[in-house]
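See structure below.
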Amino acid sequence: MDLKVSNGPGPGDERTTSLLLLGFLQSCPHSCFQRELEALGHELPGHLFHDDELQTDGNRCSHFPLAAEAETDSERQEEAVREVARQLAQIGDRLEGSIHPGMVAGLASRFSVRSLSEEDRRQCLAAALEQLMQTCPPDVDHEKTQLLLTMLLAKKIADHSPALLRDVFHTTVTFINQNLLAYVRNLVRNMD
């Protein structure tokens, strides 16, 4: 029996990256795409979006009698991913000005072309990211900066054209999984 080992993204990675990007975008309260983001959160598989209420003690209200039992590994990992997303959003606030509005408008225009393939969208995102990375100082953490700029580009495109959120979200998740998956895994592992 031959077993194949893959370092590519699995279903858990897709969920983690989706949660990371969703948490990052949710940390942008003054964006124009909040309604679309809420709808997208409800469409994603798993428990990526919580409808339950936050109680005054900081715990989530639960309607299940056994909910007081210890958190599962999945819940701990989800909270670690959300914390990473919050931290990245805070750092991203400082980098946001480095993204020129003309670049965002161009990307939004390209993403709005319905005949553009997913691969073409990823290539547009990669070209913009490469252009932005050239303006970064050489001593910055390359992968962290790439991840931040990728998520910031998604935010800026969705802010420019909220109707594009779903497409830009899925393209960004795929792009991160193809190019920055090991870095994302390490970030989450170090927070857990």
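Quick notes on this structure:
- Here F169 sits with roughly 0 square angstrom of accessible surface, probe radius 1.4 Å.
- Couplings 3J(HN,Hα) for the range 129-134, derived from phi with the Karplus relation 6.51 cos²θ - 1.76 cosθ + 1.60 (θ = phi - 60°), are 4, 4, 4, 5, 5, 5 Hz, where x marks Gly and Pro.
- Here S117 and A39 are evaluated by their C-beta separation; at R0 = 30 Å the FRET efficiency comes out at 0.80.
- Each peptide in 12-20, 130-138 was scored by the mean count of other Cβ atoms within 10 Å over its residues; highest first, the order is 12-20, 130-138.
- Rounded to the nearest Hz, the phi-derived 3J(HN,Hα) couplings of the range 174-190 under the Karplus curve 6.51 cos²θ - 1.76 cosθ + 1.60 (θ = phi - 60°) are 5, 4, 4, 5, 7, 10, 10, 4, 4, 5, 4, 4, 5, 4, 5, 4, 6, where x marks glycine and proline.
The values are calculated or read from the model by the stated rules, or taken from the named source; none is laboratory data. Note that the structure is a prediction, hence the values are computed from the model and not measured. Positions of Cβ are backbone-derived with ideal geometry, glycine not excepted, and every protein chain shown enters the neighbour counts. Note: accessible area is taken over every heavy atom of the protein model, side chains too, but ligands, DNA and RNA are not part of it. Shrake-Rupley method; radii C 1.70, N 1.55, O 1.52, S 1.80 Å.
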